[in-house]
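First up is the structure itself, then whatever we jot down about it.
The values are calculated or read from the model by the stated rules, or taken from the named source; none is laboratory data. None of the values given here were measured: they were computed from a predicted structure. No Cβ is skipped: glycine too gets one built from the backbone with ideal geometry, and neighbour counts run over all protein chains shown. For accessibility, only protein heavy atoms count, side chains too; no ligands or nucleic acids. Shrake-Rupley method; radii C 1.70, N 1.55, O 1.52, S 1.80 Å.
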Amino acid sequence: MSTKVTAKPKSSRTRSAKPAVFIDGEAGTTGLEIRRRLTAIAGLEVHSIVRDKRKDEAARLDMMRAADVVVLCLPDEAAKEAVALAATLGDKAPKIVDASTAHRVAEGWVYGFPELQAGQAETIARAKLVSNPGCYATGAIALIRPLVDTGLLPADVPLTINAVSGYSGGGRSMIEAYEAGSAPAFELYGLGLEHKHLPEIVRYTGLKRRPIFVPSVGDFRQGMLVSVPLHLDELPDRPSARDLEAALVRHYTGARLVKVVPADDASAKGGRLDALALNDTDVMELRVFANDKHRHAVLVARLDNLGKGASGAAVQNIGLMLGVAT
């Protein structure tokens, strides 16, 4: 695969014979991870803009003109501005994958979780505008949506979602604090209960009642666990844990990156689950832990917050949009 680095944008540039991707904001954690993954895919070109042109509107527009897909790894307001900039190209505008929160529940955007429902991958493949899911939202939606669709979880059920992430998902200031050793070993955050992933969780789980979401961060760079506790006797059909697991298995049969794993598999011995076990992969594992005596269950998603939770998901969407195997 070749990688083009443009020193001086030219307005006359045309798109390459190979599918080309421009990452707008590639210097950040997500952008760097997307670039690393894309450079391993044969048959793609990754276009970069020189450092001193990264905020030059004309230079960025030229890069967009030359790309088949533009990936936005920008703050929300900057992402909105980038979309408006790309729109000035009219019919020549590239497809866009937005990794920010800006468009995840916006009209006209396709949600970039291919395993969401039947036909979602095909919808992404046809889309011009795709919003990349949030990391926490990916785990929560993966666990809850199939159970709402089958009626095992009523749409108005009161739920609590708990999650822990590596610090790489927290932005520059959090990363710097942990790497400098000035952050605590573990902390809850988002205790105003207005976390930015909640709108997409509500929309794409199919829930009608807003769940309580409690995120946390630990002193490890990447890795994530998302868990949803359930009182099984409080659900209308009083399902068993096996019923819940079977519904998840049916939904994800054939999925390449989402796996339903028995709760008693070797990686969960002793009722423990390592948040870091899927690091540097794009796989997400789903489990249903239960205590039959007390009729309690806990749904758990394990993923790399930089993999299926961010950059890996973006590359999966890019592959679908370009018809390229990833």
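From GLY309, GLY271, GLY254, grab the single residue that is more than 22 Å from THR160 (Cβ to Cβ) and not polar (S, T, N, Q).
Numbers: GLY309 fails: more than 22 Å from THR160 (Cβ to Cβ); GLY271 fails: more than 22 Å from THR160 (Cβ to Cβ).
Matching residue, one of GLY309, GLY271, GLY254: GLY254.
Could you list, in sequence order, the residues of segment 283-292 that are assigned to a loop (DSSP other than H, G, I, E, B) and either hydroxyl-bearing (Ser, Thr, Tyr) or at pLDDT 95 or above (or both)?
Matches in segment 283-292: VAL283 only.
Given the conditions (1) within 22 Å of the chain's Cα centre (by Cα); (2) open to solvent by less than 70 Å² (accessible area, probe 1.4 Å); (3) not small (Gly, Ala, Ser), and given that ASP219 satisfies all but one, which numbered condition is not satisfied?
(2)
Select from segment 293-326 the residues that are open to solvent by 20 Å² or more (accessible area, probe 1.4 Å) and in a loop (DSSP other than H, G, I, E, B) and write down the one among them that is farthest from ASP24 (Cα to Cα).
LYS293
Could you grab me the full set of residues in segment 216-272 that are within 25 Å of GLU115 (Cα to Cα) and among the charged types (D, E, K, R)?
Answer for segment 216-272, where residues must be within 25 Å of GLU115 (Cα to Cα) and among the charged types (D, E, K, R): ARG242, ASP243, GLU245, ARG250, ARG256, LYS259, ASP264, ASP265.
If you scan segment 163-189, which residues turn out to be free of Cβ contacts under 8 Å to residues at least 60 places away in the same chain, open to solvent by 60 Å² or more (accessible area, probe 1.4 Å) and either of a type in the set (A, V, I, L, M, F, W, C) or part of a helix (DSSP H, G or I) (or both)?
Matches in segment 163-189: SER173, GLU176, GLU179, ALA180, ALA185, PHE186, LEU188.
Here's a check for you: in segment 274-292, which residue that is among the charged types (D, E, K, R) and open to solvent by 10 Å² or more (accessible area, probe 1.4 Å) is nearest to SER240 (Cα to Cα)?
Going through the qualifying residues, I end up with ASP292.
Please verify whether ALA106 is at pLDDT 95 or above, over 24 Å from VAL283 (Cα atoms) and within 14 Å of the chain's Cα centre (by Cα), treating the condition exactly as stated.
So ALA106 does not fit the description; no.
Look at LYS80 and say whether it is open to solvent by 30 Å² or more (accessible area, probe 1.4 Å), more than 19 Å from ASN132 (Cβ to Cβ) and either in contact with a Pro (Cβ under 6 Å, 6 or more places away or on another chain) or free of Cβ contacts under 8 Å to residues at least 40 places away in the same chain (or both).
no
Considering only segment 237-247, state which residues are closer than 11 Å to LEU152 by Cβ, open to solvent by 20 Å² or more (accessible area, probe 1.4 Å) and modelled with pLDDT of 95 or more.
Passing the criteria: ARG238, SER240, ASP243, GLU245, ALA246.
Just the residues that are in a loop (DSSP other than H, G, I, E, B) and either closer than 30 Å to PRO94 by Cα or among the aliphatic types (A, V, I, L, M) (or both), please, taken from segment 123-161.
If the condition is that a residue be in a loop (DSSP other than H, G, I, E, B) and either closer than 30 Å to PRO94 by Cα or among the aliphatic types (A, V, I, L, M) (or both), then ALA127, LYS128, ASN132, PRO133, GLY134, LEU152, LEU153, ALA155, VAL157, LEU159 are the ones that fit.
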